[in-house]
Structure formats: structure tokens, C-alpha cells
Amino acid sequence: MLLSKIRGARSVIWGALLAIAVAFSVLGGGTAAFAQTSPVAAKIIVNGATRGDADSIKSYFSGTDQASVNRAVSDISATGMFSKVSAKIVGDTVVVSVVEGSQIVNRVAFEGNSKLKGDQLGVEVQSKAYVAFNKDVADADVGRIREAYKKIGRNDITVTYRLVTLPTGRVDLVFKVDEGDKTGVKTITFIGNQNMSNWRLKSLMETTEMNWLSFFKTSDVYNPDTLARDEEAIRKYYMRYGYADFRLTNTAVVYDPAQKGYIVTLSLDEGPQYHVSSVNVTSRISAVSADELKQFVTQHPGDVYNATAVEKSVEAMTRDLARRGYAFSDVRPHGDRDNANHTIALAFTVDDAPKVYVERIDIVGNTRTRDYVIRREFDIGEGDPYNHSLIERGERRLNNLDFFKSVHISTRPGSAADRIIVTIQVEDKPTGSVSLSGGYSTLEGPLAEVAFTETNFLGRGQYLRLSASEGEYSNGWGVTFTEPYLFDQRLAGGFDIYHKEQLQNQYALYETNTTGVNLRLGVPITEELTFQPNYSLYESQIVIPNNTNEPYNDCGNPQGSSTSFVPNSTWFGNFTPGGTGTPQPATALYNCLTNGEASAAIKEAASEGQMITSLVGYSIVWDSLDNRKNPSQGAYVNFHQDVAGLGGDSHFVRETLDGRYYYAFTDDFIGLFRVQGGRIDEIGGGYLPLIDNFNIGPTLVRGFAPGGIGPRDISDPNNIAANGLGGTTYFGGTAEIQFPLFGLPREIGLKGALFADAGTLTGFNGRTSFDGLLGYHYCPTAGTVILTQPSCLTVDDENTIRSSVGGSILWASPLGPIRVDLAYPITKGKYDQTQFFNFSGGASF
């Protein structure tokens, strides 16, 4: 009985699969399906169907006439499940004979694969489940799998397959993979480069050579597409430096079985270096003079010819003409070579080109990013005049979004001679990450952070970040959200919600807690200039620890209610008689100051409890950097002003300025020049709360501790180091040169730097008498032994310009950016706190 049920189930399954196969054949080739809607012939006999269900075969026959029988035979044959199908009519009976053909594949499976997952390999092979096994296709699939592994640097791979027969008569097709060792690029060689070093040319390439870093990098994998991009990068580099005749004559890629790697050889013909002999602009638009456009040309006579600068000049002129209303303008550069003198006479011709309009913009390949996110990056739409420069600008913007693996834009003729269709083809890439980060800094100590970041939230182009951190000296959490196109305009709007706790450490005898929200808006004025208004509301508080381990608020008046403090031996031990009956302190007096005590100014700030600050502000930002992650040219300037007093407890006006200019002395030596400054003033002329002061150290002048420069409470000689008060005015400058560490593989990401810093922090604007706070008056004269905390504040607020020199190691590591600064102070204040070593860095894993 059990055997009968098994056979019955097998028959049902086979029939269902046979019906599915026929259904697919109908979809693919137009043949009939197994399940017929017409009535089945009165009597049908099926011979030879050992693996199938005779009833499913019978369902093909709708009648006993010859036309119906012929059609049924043709449809069954089309399924490919039988090598031969025939039928004959005997009276009112149709006798069907079938010869079962190739085995049917139940599933395609992979064994031994770890570098490529089964679903990845499933896309590569053409053998599929539920179709007849084809040996030729399976043999070809072996080659397809090998090619897939070659793309990830696995050339030494073995692939075989086997068939596993199942009880149903079907088979599993199993590909067995031996992935072997990684076979990357062993050597990259250049032939014919006389003016550019091998090191320089290799640094331009995405493809790298195998080395001791190969265990975690993938850039040493041979990929024809990547190598093609490398060739273009080399060509552009030579054209940038005047080699207008440069040609890459041959690229040879050979696999060396002995080395188990590829040998890449690039043959170059550099040609001579050209200089610009003259620059001329010809305008054929009557209302536009050539002199007006010539200001946009960045090449001048005597300069080394630079094809990149020429492209930027064309783009700048095109933008200016479009702004004036000449949307169909065409700017064409051309140069007349003087081969004898190696010069180029550079010329630009400006025409009012034929009117061509954008009929349609097609977007393809975006499986996640929404169409409007792509369209809004273009300053051109359907129905607008076609402008090639604006299309190129939109392409650059799409690449800068970092949402896509690739962006390709093409055009084709439209429905009329003056119409054009633009096709934007993209390939989405993952933009979200969940990271666990660890790091260390000399201010915050060891620090760990877990964060979720999505730069293309829900495919809408929005930025979202959720984070929480825990460290030895700091804790916090934050939520950040940015909509780059608020109200469908090029306005970046967003908010930040945050909480930060800075715990007591060697640089401060107090803690700060801050919780707040920030609303911001970004209004682009030009490509480089942005106006950014903001509103902030935050709560801040200073807390002074006072326990057995951190007794930083345990001084008081031993006389209780007395307003004047007079030393007495009943209050402090370890006194010796002075001969007059007046207690005199011993040399080794131990009191409340000995184990650390916060400044009276800090105690006053702590006594104010939670401070609410409500402020409105704005930033004016100029950003012309060539690369925001690793700049080598351009400037970044941020001027920011805040006005606090829209409610809350704080009332001040604060301005800060941060300007950075990068200059490439060569491709390897990058100069950085930086200026910083800031000022804060209390509105109303009163005292500025201590918590609002600037507290600055190595961020202004390296070689000094956090809070190590500026006004300081020196009333108690035992507690000077950790009682910085901050100031109201700071300014400083930095000169730095960055360079690669030659001899090391560039993919390590190590750079060196030499720097010189100078700056100062000054201007304490706070209370200096705290009789009311402490409950007594005690102002010892200089040089006497301090018995308890003085109620009179002595502030060191000198205007000394602090300066330092030093060196740095910068590592753009795969686990996060790391920087080590070693600085030696040249000039400093008497009570400044120095710090020779500064380290900051993090990791994501």
C-alpha cells in the first residue's frame, strides 16, 4: 500500500512538472500547454511513458481527428522531454508512443565555492532546473564558471560536474569547484616612459601589484574593465602635463603559470611636451564679445598645455553663455601644433549652434534609486535646449553621489531632426552599512561606536545615521538626517539630535553633559558658494565629581558662617607651635587641595545647573576642493556666526572662521595653509558663562594638551594643570606639507607630513571674586602656603603666541583614518600644558 502511494505521488509530481514544462514552452515558443481547455479524446492509450504521467500526455488530445492528433504530437515534442513522439488513430482510439529523451535537471547546485556564492554562479551558468540536461551546455558552463572566478583573481581554478540520479528519474547537476589560490597581477611594467616614473604611473592606476597586503585587498585582481580605466587615467595625466601626442600603443596581459599571476605590460609613446604659444577666442555671436569670454580661459601663453584646463574653460564659457540666454551655444576648442617648437596655439570658437531640444530622458538600470533622484542632478529637462556641458556636469554630480557602481550617458536621434533622446544608464550599489568602530584619542581615550548609516535612504537620496558611542572619557548618541532636495529645490535641509557626555579626565576636573537638536538648511548660491542657516537648542551642564576617588569639590570654610577665614590648628592637623601661640602650618601640610580641587570659577558654573541655549546662526561656505576626502587643490572657507538669546539662559554673539587652502607643489607634495579664528561676546555687557568659552589645545596648536593654552586659574599652585578656564578670542595659522612615504606600496595609504603651527587663546571674561559662592573671604598673598581654596581668583591670561613644529603620519587604513602627530612647542606661556604626542583614529569592522 505504501509503495502504491509513493508511485501515485511520483505520478502526480511528474505530471505537474510535465505540465509546467509545457507551460514554459508555450511562453517561450508559442506551443500549446499540457493543460488543454478543449475536451479530451474519448479513448487514448499511452505507451513508453515510464517517467511521466500518461494523463498529462492525454490532456494534449482534444479529439480523434487527424488534425487534432497532429497538433498534439507537435506540442508534446516541443516540450523536449521526449526524443520521439508518434500517434496513430485506430478506430475511435488514439495510440500514443513516446521515447523518453534526456534526463531532466531537478536543480543546479555548487560545491566547494566560498569566494563566489551559489546565487552568483547561478547567474553565470546556462544550465537550468526543470529542463533537459544538455552535455554541451554543461561543458560550456565549466568555462563560464572559470571566467567568473578570473574576474576576482582566481585563475588557478578547477571545475568539474556530475549528475546525481534521483528516485523520480530526474537528476541534480552538481558543479564541484576547487577555487585554488588567488592569482592576481604579479607585475606591472611600462615601456617607453622617459619623463614619468614607473612609481608615478602605477599610482594613477586602480590595478595594483600583489604584495603582502594581498590577503585583504582586491585591487590586485586583473579586470579588463579596470585596466581600461587605468589606460584612460594615464592618457589624461599625460595630456594634463602637455604631452598632446601621447599614445598608449599596446597593452599586453599574460598569465604566467609559474608565478601564478598576470604580467601586465603597457607600451607608451610619450611624444614631446607642448607649451601654449597663444590664446585666442572668436565669438560668432554678435552680442557676446570675445574679451568677455576670454576671462574664463585658465591657460595663458607660456603655460604647459593642459587638456583638463581646456575642458574646464569650455565648461565655464558654456555656463556663462547659458546664463545670458544662449542655450544653444557651442564652444569648440582647437589647437594648432608647432611640431618644431613644441608649442600649441590655443583657440576657442563660439557659435550659436543649431537648435536641438531634449525630447526624452530615459533612465535605465536603477533597481533601487528612484528616477527623480537621478533627474534632479541635471540642470536640464525634457523640452529644454540640449546642452552637452550641462549633461556632463550632471554626470559628474551623479558620480559624486556615490550611489552607483557606474554611470554612462548616451544620446540618440529623436522623432524629429531637432529632437534628441538622452539615456542615463546606471548600476546601483549598496549604500547602507552597519559598523562597529573602535578608536583612541588622547582626549577621549579608548572609544567604541556602533552606527547605522544609509546614504541613499529608501532610494530617495536621503542621508540617515544612527549612532551610539561608549568610551573611557566620553559617551553619547546621535541621530542625523539630511534631505538634499527640500521642497524639490536644490536646498539641503536636515536635523541633528545628540547627547554627549565628556567625563572627568587628566585635562579637566569636571564633566560636561550636552543634549540638543540642530535644524539646518543649505542654500547653494553657486557651485562653490553655499549659505547655511541653522537653529540650535541645547541643554548643557557642568558637573564636578566629589567622591572618594574624585574629591574635586570638598573644600569649604571650617568656620562655618564666618565671612573671614583665619587658620586654626583645630581645622587642619600637622601644625607646629610658632612660639607666639599662633598655629603655623608645617612644611608638609595635607588639606582639601592636595588631592585635587576644581577652580572656584568652575564651581560657579556647576552651581548654575542646567543651562538652556537657544541660538540662530548661519555659515557662509566656499568649497572649491578637487576632492573632499583627499584634497590636493582648492580652498575651503567656513565663516560661521551664532546669536544666542532667543529664550534660554545664554546671551552671546559668536563668530568663527576656518579657512584651508591646498596647493600641489608636485603630484606628490601637497601644501596645506590654514587659518583659524573665533570670538564670543556676552550680550548686555555682563559676565560670560564659563561653559560658553572656547577651550582649545591641539586643534589650534599641536604640541599642547586639550585645554592646554589660554586663561588659567593659578590661585592654587597644586591644581593649575586641570583648571583651564577657556577664553573669548582665539586665532592661529598652520603651514603643512604632505607627501607619500616612498618605497611603500601606495595601497597601504600611508603619508607623511611636516607642519608648523602658531596661535593663541585669550580674553577671560568671567567673575574673579567668589566670597558669596564659597561662604568666606580668603585671599592669601603670593608665596604663602594655601590652606583652603581661595575665594579670590588669580587668572593667568597672557597674550603669548604659542608655536610648535613637528611631523605626522597619516594612514588612510582599510579600517578607518588614523593620524599621529609628534610636536615640539617652540614658544609657550608659563602655565601652558604641553603634549608631545597626539593620536586619533578609528576602525570599522
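The values are calculated or read from the model by the stated rules, or taken from the named source; none is laboratory data. These numbers come from a predicted model, not from an experiment. Cβ atoms come from the backbone with ideal geometry, glycine included; neighbour counts cover every protein chain shown. For accessibility, only protein heavy atoms count, side chains too; no ligands or nucleic acids. Shrake-Rupley method; radii C 1.70, N 1.55, O 1.52, S 1.80 Å.
Regarding the range 599-692, what's the average projected area of the Cα-atom convex hull, expressed in nm²?
Working: hull surface 33.9 nm².
With the hull built on Cα positions only, its mean projection is 8.5 nm².
For the chain, the mean residue ellipticity at 222 nm estimated from helices alone is -5000 deg cm²/dmol, where every DSSP H run of n ≥ 4 contributes -39500 (n - 2.57) and the total is divided by all residues, rounded to the nearest 500. How big is the Rg/Rh ratio for the range 227-385, C-alpha atoms only, Rh by Kirkwood, two decimals? My calculation of the ratio gives 1.10. Figure legend: label point modelled 7 angstrom from the Cα of V304 along Cα→Cβ; residues of the range 174-212 with amide N under 20 Å from it are 191-205. Applying the criteria of a DSSP loop state and at most 10 other Cβ atoms within 10 Å to the chymotrypsin sites (Phe, Trp or Tyr not before Pro) of the range 734-817 yields F742. Among [x] 1.36; [y] 0.96; [z] 1.25, which is the computed Cα Rg over 2.2 N^0.38 Å? Calculated Cα Rg over 2.2 N^0.38 Å: the matching label is [x].
Listed by chain and number, the aspartates and glutamates placed with their C-alpha closer than 18 angstrom to that of K830 are D713, D716, D796, D797, E798; residues fewer than eight positions away on the same chain are left out. Model label sites at A129 and Q66, defined 7 Å from Cα along the beta-carbon direction, differ in position by 4.4 nm. Shape summary: the range 738-814 maps onto an equivalent ellipsoid whose semi-axes, from the alpha-carbon gyration tensor, are 50, 15, 12 Å in decreasing order.
Listed by chain and number, the lysines placed with their C-alpha closer than 20 angstrom to that of K58 are K43, K84, K88; residues fewer than eight positions away on the same chain are left out.
Between E454 and Q506, the distance separating the two model label sites (each 7 Å from Cα on the Cα→Cβ line) works out to 4.3 nm.
In the chain, the longest principal axis of the Cα atoms and the axis of helix 388-401 are about 70 degrees apart. Counting only Cβ charges, +1 for Lys and Arg and -1 for Asp and Glu, the dipole size of the range 255-324 around its Cα centre is about 340 debye.
Once the Cβ-Cβ distance between V795 and K312 is put in as r, and R0 is 30 Å, what FRET efficiency do you end up with, to the nearest 0.05? Intermediate results must be reported in sequence, preceding the final value.
On the way: r = 53 Å, r/R0 = 1.78.
Efficiency computed from Cβ-Cβ geometry: 0.05.
Solvent exposure of the chain amounts to 49 Å² per residue of accessible area, where only protein heavy atoms count and the probe is 1.4 Å.
In straight-distance terms, cross-link reach from K236 covers every one of the lysines whose alpha-carbon lies under 27 Å from its own, apart from those fewer than eight places away in the same chain; here that gives K151, K186, K202, K217, K294, K312, K405, K429, K629, K751. Multiplying the residue separation of E483 and R324 by 0.36 nm and subtracting their alpha-carbon distance yields 54.1 nm. Each of N718, F704, L741 was placed along the dipole of the range 699-758 (beta-carbon charges, centred on the mean Cα), and the one lying farthest toward the positive end is L741.
Rounded to 0.05, the FRET efficiency of the D623 and N341 pair, given R0 = 35 Å and the Cβ-Cβ distance, is 0.30.
Determine the share of the chain's accessible area contributed by carbon and sulfur atoms, expressed in whole percent, with a 1.4 angstrom probe.
Numbers: 22680 of 41640 Å².
The nonpolar share, carbon plus sulfur, comes to 54 percent.
Placing a pseudo-label 7 Å from each Cα along the Cα-to-Cβ vector at E231 and F836 gives an inter-label distance of 5.5 nm.
Give, rounded to the nearest 20 debye, the magnitude of the charge dipole that the range 58-121 has about its Cα centre when Lys and Arg contribute +1 at Cβ and Asp and Glu contribute -1 at Cβ.
Details: 7 positive and 6 negative charges, 39 e Å.
Charge dipole, the range 58-121, about its Cα centre: 180 debye, nearest 20.
Of interest is the spacing of the C-alpha centroids, which for the range 755-784 and the range 635-693 amounts to 24 Å. Dipole of the chain computed with +1 at Lys/Arg Cβ and -1 at Asp/Glu Cβ about the Cα centre; of T168, T298, Y507, farthest Cα towards the positive end is T168. Placing unit charges on the Cβ atoms of the charged side chains and taking the dipole of the chain about its Cα centre, the candidate lying farthest along the positive direction among G153, L466, G596 is G153. At full extension, L754 and N547 could sit 70.1 nm farther apart than now, given 0.36 nm per residue minus the alpha carbon distance.
Of the GluC sites (Glu not before Pro) found in the range 137-215, those in coil by DSSP whose Cβ has at most 14 other Cβ atoms within 10 Å are E206.
In debye, nearest 20, what is the charge dipole magnitude of the chain about its Cα centre with +1 on Lys and Arg Cβ and -1 on Asp and Glu Cβ, if you could check? Before the final figure, lay out each step's value.
Working: 75 positive and 93 negative charges, 676 e Å.
For this selection, approximately 3240 debye.
Using the Cβ-Cβ distance between E427 and D245 with R0 = 35 Å, the FRET efficiency computed as 1/(1 + (r/R0)^6) comes to roughly 0.50.
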